[in-house]
Amino acid sequence: MIAALILATVLSQDYYTPQEAQAVYKQANEAYDREDYASAKQGYQQLLAHGFEGADVLFNLGTTCLASGDLGEAVLYLERARRAAGGAADIDANLVLARARQLDQVVGGAEEPFLQRLVIATSSEIAAWSLLVSWVGGGALLLLYRFLRPGRRAWAGVLAALLLVSAVPAGLLVAAHAYVRETVSEGVIVAKTLAARELPADSAKVSFEVHAGLKVRLLESAGRFVKVRLPNGLEAWAERDGVAEI
Amino acid sequence: MRRTGRALGSLAMLLTSAAALADVEFYQRADRNEVGLDDTFRLTIVVSDAPDSSNLQFPSSNDFEILSKSQSSQMSYQLGGGASGVLKRTQKYVLLMRANRTGDLTLPPSVLTIHAKSYRTEPVRITVKKGHLQDPRAGAQRGSSFPDPFRRFPFPSVPGFDDEEDSLPDVDVPRSESDLFLRASLDRDEVYVGDQTTLSIHIFSRVDLSSVDAVTMPKLDGFWSEDLESPSQLTGEQKVINGIPYRAYLLKRRALFPVKPGTAKIGSAEADITTGFLFAGRRVHRVGNELSLKVKPLPPGAPPNFSAANVGRWRISTEVAQGQLQLGQPASVKVILEGKGNLKNIVLPSLSGPASLRIYDPTTSDKMANSKGKVGGRRTQEYLVMAQQTGSFTLPPLSFPFFNPETGRYEVVKTEPLTLTVLPGPEGSNLLAQGPSGAKPDGVSAKNVLAAGGLRPLRYQAHFTQARPPLWQRRFFVPALLAPIGAWLAIALIGFVRARLTEEDETSLKRKQARAARRRLAAAEKLKLAGKPAAFFGEVEKALIQFLEAKLGGPLAGLTRDALDARLHAAGASEDRRMEILRVLEACDLGRFAPGADPSSAGAGSGDPSTALRYARGERGADSASSPYARGEREARERVLDSAAAAMEGWESR
């Protein structure tokens, strides 16, 4: 009871100190443990609202949603956690569970393109730092090579060559991340049932129906509607409110 | 529905034996729970469908004494859906009792023995105080609007019969249709939401009834209702209203559970009734009275997870068929709720357990048990629990909060936690059974099976980060990437500029070389004093050659004296100048390679007679009076040095 009061007081604040954020996180974990999923979700969402993000909070929120049966939000937050962490075993396992409970079965072409899989499997931060370190370090060693006396500069030359060569794949990976980020927009169906129509209008014919938890690609938007593409290539217009961007 | 108004006595006698086999209803109750030592109270014992051979023992206690006993019996016969009917015989015993001492006393149960089987009633708790206490029921009786002589009918000397809860209601007789009218009544005027009140509809008649052809129940909007009694046969009871004897026939009795607070209205019931017999019969239509009921809201302070429909008196329990099972074998867990209240509207808590146990949706079965006009019963939810791995798992206790209208408070009943022990799967035991002499074969010992699956647990530690754009979109990234290229370009540019800035023309270069030659000559002057003639002459020669290279533009080292002379000539040097230079060079050669020779003799062997002659006439001629060595080497070196300096200066001033 006292803990609940403290949690309520902390949740109502506009700003959290790191210690308060850790306390909220712990309280939310405890709420999950006693199956009070509503309180747990509220705690994690407050942390996100106050800028305390990261794969841990997103994973716990997604797992709580999954435990409480909210499939759409579960997949949404777990996908966000996967992006934030650059892939992790527990995130993947819970995502597999969530997809197993999903109502929609997409027939054919369910696998994501290579570039997207590559981007999901790697961390953009690590790739960018690798590029930066190898390129700048290689350049610096090359300069050093220029100023060192002949006979005492071979090591600098070899090291510079190695770094500059390793900068090539790192640069390609960063380019892939940048390309996917700029061109591929993905979302998750969060509405329990969402009608996908042939045109962006309420009166348009319904092409098919999708359900909570389905991951789709967002192509373009028009008014209240957004054009979605299923992994097998099916495309239609769905109401924007029923889809959340990852 | 058609009802007949005559009791079929003969048929009833034939079916007496069948009635004996029916379930026995047996209970006792006191008319007061609090009495004085000077007061009496009545204990009513009711036995239904007990055979004649049964034996009833009244409660016996030293704390109480029985002042008088009375007995009555009532028989009714109901036609069922089939051909046979049910005869019901009810016997009532009323004991007039008095307490012997004060305190919270317990009246022991009565015992009914039927064919060596004993039935016991519940004991009755009575608080006894000193003196005389007011009977709470006496006032109510005195406040009745009209006396009811029938209250003691048909046993006027037997008290207690009029205390039964299913006693007929007090009614007002309509001015018209006073010989046959329809009346509805509620057993309580004020209830909580979800609590039970019982609606009874009677026909009061002073004429013979043939049948009731149709009964229209009032609309029961705002109520959840449950049928308690719908007699297929009219059974009349005598009732005297305003001194006029009536027969009262029960048409319907329903339990009502209001679903919202406020004042609930219940409309009129209607019935088509046929009076008289055969050709003298007459059909009339009667409309009953309206009723109102005050429904109180549930008080605040409900416990967590309370459902508004959970009103009554309940107890909850769990049962598991076997606490120890093998992997792959399902366990049946029953959650049982029993008590009084609107069972069909009750919301039971769901069974939950650890992720290692898969709990399937339950099957629900209700068994209604209406006792003494109160709805209740038993709800059983049976869960199928399938273990996903071996181990010992605990199903947490279930809490069931409800509102008890009798106490006016919320109560929470709980189950005990259940422990399930899951042993390894059956394949292990099958293999063990095949082993010789029951020994455990190698490699087939029971395994603790840990199957994958289920939700991965939460992350205990949090590492918070803030949402930021990717690294390549931050300001420093592109400049940092371009920095090495910029550095290389900058260094190349600096080198180029520096090269341009340090570029020299031929004149300045020659001037520089001439200056260097002079510096060299100055250095040679130091060697002159150091006593190193070879080094001295070498430096003088190099200085002079370097000077000439600067002036003539091109390498001169290694040229013969003739070739050098030709270059000097070609460069426009005068003959004296050329001779002077050649002479100095000759003297240097002598000084370097023939240190013992007199350098002043240089030019004698040069092949150029004029040069040698001039040299001899010059410096040497002046010193000829003395010995060559007498003038000393030092002087010779001074002369060479002076000659070289003069040659250079002469060239500059040319």
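Nothing in this text is a laboratory measurement; each read-out follows from the coordinates by a stated rule. Every value quoted in this text rests on a predicted model; they were computed, and no experiment measured them. Neighbour counts are summed over all protein chains in view; Cβ atoms, including those assigned to glycine, are modelled from backbone coordinates with ideal geometry.
A few notes on this one:
- Label positions at B:THR263 and B:SER225, each projected 7 Å from the Cα along the C-beta direction, are separated by 2.1 nm.
- Cβ-based charge dipole, segment B:322-392, positive-most Cα from B:THR380, B:TYR360, B:LEU343: B:LEU343
- Förster radius 25 Å - calculated FRET efficiency between B:ARG188 and B:ARG120, Cβ distance, rounded to 0.05: 0.25
- Once the chain from B:GLN238 to B:TYR27 is taken as fully extended at 0.36 nm per residue, the excess over their C-alpha distance is 73.5 nm.
- Global form of chain A, assessed from the alpha-carbon gyration tensor, a/c cut-off 1.5: oblate
- Taking only Cα atoms of segment B:487-580, radius of gyration then Dmax in Å: 18.4, 60
- Rounded to whole Hz, the Karplus (6.51, -1.76, 1.60) HN-Hα couplings of segment B:292-298, x for glycine and proline: 10, 9, 8, 10, 8, x, 5
- Cβ-defined net charge surrounding B:GLY267, 11 Å radius [Lys, Arg +1; Asp, Glu -1]: -1
- Label zone of B:LEU384 (point 7 Å out along Cα→Cβ, amide N under 17 Å): in segment B:343-375 this covers B:351, B:357-365.
- Cα-based helix-to-principal-axis angle, A:71-85 vs chain A, degrees rounded to 10: 10
- In order along segment A:235-242, the phi-based Karplus estimate (6.51 cos²θ - 1.76 cosθ + 1.60, θ = phi - 60°) of 3J(HN,Hα) comes to 10, 6, 9, 10, 5, 4, 4, x Hz; Gly and Pro are listed as x.
- Residues whose amide H comes within less than 5 Å of that of A:VAL243, counting only those at least five positions distant or on another chain, are A:VAL190 (H built at 1.01 Å from N in the peptide plane).
- Cα gyration tensor shape of segment B:233-277, rounded if a/c is under 1.5, else prolate or oblate by comparing a/b with b/c: prolate
- Length-normalised contact order for chain A - Cα pairs under 8 Å, 6+ apart - percent: 16
- 11 Å beta-carbon shell around A:VAL174, net charge (K/R +1, D/E -1): 0
- Binning the alpha carbon pair distances of segment A:185-245 at 5 angstrom intervals from zero yields the distribution 4, 23, 37, 27, 8, 0, expressed in whole percent.
- Around the amide H of A:PHE208, modelled in the peptide plane, lie the amide H atoms of A:ALA196, all under 5 Å away and 5 or more residues distant in sequence or on another chain.
- B:GLU635, A:GLU182 arranged by Cβ crowding within 10 Å, fewest neighbours leading: A:GLU182, B:GLU635
- The phi torsions of segment A:177-186, fed into the Karplus equation with coefficients 6.51, -1.76 and 1.60 and a -60° offset, translate into couplings of 4, 5, 5, 5, 5, 7, 10, 10, 10, 10 Hz, rounded to whole numbers, with Gly and Pro shown as x.
- GNM top mover of A:TYR44, A:TYR25, A:TYR179 - chain A, alpha-carbon springs below 10 Å: A:TYR179
- Once the C-beta distance of B:ALA534 and B:SER508 is scaled by a Förster radius of 45 Å, the resulting FRET efficiency is 0.85 to the nearest 0.05.
- Segment A:125-182, Rg to Rh (Cα coordinates; Rh as Kirkwood inverse mean 1/r): 1.15
- By the count of other C-beta atoms within 10 Å, a proxy for reagent exposure, B:TYR192, B:TYR360 are ordered fewest to most as B:TYR360, B:TYR192.
- For segment A:76-161, the relative contact order comes to 25 percent (Cα pairs under 8 Å, sequence separation of at least 6).
- Stokes-Einstein translational diffusion, segment B:312-423 - Kirkwood Rh over all Cα pairs, 1.567 mPa s, 4 °C, in µm²/s: 87
- The long axis of helix A:37-49 is offset from the longest Cα principal axis of chain A by roughly 40 degrees.
- Placing a label point 7 Å from the Cα of B:PHE496 along the Cα-to-Cβ direction, the residues of segment A:141-176 whose backbone N falls under 20 Å from that point are A:143, A:146-147.
- Local electrostatic count at B:MET75 - Lys and Arg +1, Asp and Glu -1, tallied over other residues with Cβ under 11 Å: +1
- Based on C-alpha pairs under 8 angstrom that are at least 6 apart in sequence, segment A:185-245 has a relative contact order of 40 percent.
- Amide H to amide H distances under 5 Å link A:GLY54 with B:THR465, where only residues 5 or more positions off or on other chains count and H is placed in the peptide plane.
- In terms of its Cα atoms, segment B:177-238 spans 41, 21, 19 Å along the principal axes, sorted from long to short.
- Relative exposure of B:VAL375, A:VAL184, B:VAL295, B:VAL320, judged by other C-beta atoms within 10 Å (fewest first): A:VAL184, B:VAL320, B:VAL295, B:VAL375
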